[in-house]
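Peer 1: Structure in structure tokens, see below.
The values are calculated or read from the model by the stated rules, or taken from the named source; none is laboratory data. Values in this document were obtained by computation on a predicted structure and should not be read as measured data. Ideal geometry is used to build each Cβ from the backbone, glycine not excepted, and the neighbour counts take in all protein chains shown. These area figures cover heavy atoms from the full protein model, side chains too; ligands, DNA and RNA do not enter into them. Shrake-Rupley method; radii C 1.70, N 1.55, O 1.52, S 1.80 Å.
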Amino acid sequence: MKLLPSIASMMLFLPLVSACQAEDLPIFSGAIQTDDERSAESLALAQEFNAFMMKNDGKTVKLDISNYYNINNENLKRDESGFPDPREFSATDDCDTLPFCTGTSYSMEADLSKLDYDPGQSARFIRGVFQVEVAGMGQGSWAINLKHIPDTGN
């Protein structure tokens, strides 16, 4: 009979533990580039973001990023409304070492209906929890896959 109160107290404790774990995730918040992706400021922002992502390979992170794509990039995939697809972006972080700029390309596995994002020209933000996986390097750029972990709704 004493087992039942113990089970009840464990059931109350488990949601508190998972809530605390979500708050303990590594967090990156801020812009990842300027509209001039070759500027010193933009390269520094992208270097910081790319280093954070590399450091957290194989981990779950919380992101609140803005300016995640260059509005003038004509090569971006677009959705039916003409906005860039938020699931693909890159962060250019080096324009000095090679004859061309390099950085990291990001590919996101996400259900757009569950993703907190705005690809609009004035906002350009993504927020959420993601699993990070460094896929490798090719042609001078790293590739990182992000798997969106939707909020289960409290």
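Peer 1: Name every residue in region 24-66 that is in contact (Cβ under 8 Å) with a residue 40 or more places away in the chain, assigned to a loop (DSSP other than H, G, I, E, B) and either under 17 Å from the mean Cα position of the chain (by Cα) or over 22 Å from Gly120 (Cα atoms) (or both), in order of residue number.
Peer 2: Across region 24-66, the qualifying residues are Leu25, Ile32, Gln33, Asn56, Asp57, Gly58, Lys59.
Peer 1: Just need a number here: residues in region 78-104 that are part of a strand (DSSP E or B) and either touching a residue at least 12 places away in the same chain (Cβ under 8 Å) or under 20 Å from Arg38 (Cα atoms) (or both).
Peer 2: Selection size over region 78-104: 11.
Peer 1: Scan region 110-127 and report the pairs whose first residue is closer than 16 Å to Asn70 by Cα and whose second residue is at pLDDT 90 or above and among the β-branched types (Val, Ile, Thr), with Cβ atoms within less than 9 Å and a gap of 6+ or a chain change.
Peer 2: That search, which allows pairs on different chains as well, returns Tyr117/Ile126; Asp118/Ile126; Pro119/Ile126; Arg124/Ile65; Phe125/Ile65; Ile126/Ile65.
Peer 1: Right, next: Looking at the structure I just gave you, is Glu133 more than 15 Å from Ala46 (Cα to Cα), open to solvent by 50 Å² or more (accessible area, probe 1.4 Å) and out of contact with any Gly (no Cβ under 8 Å at 6 or more places or on another chain)?
Peer 2: Criteria not met by Glu133.
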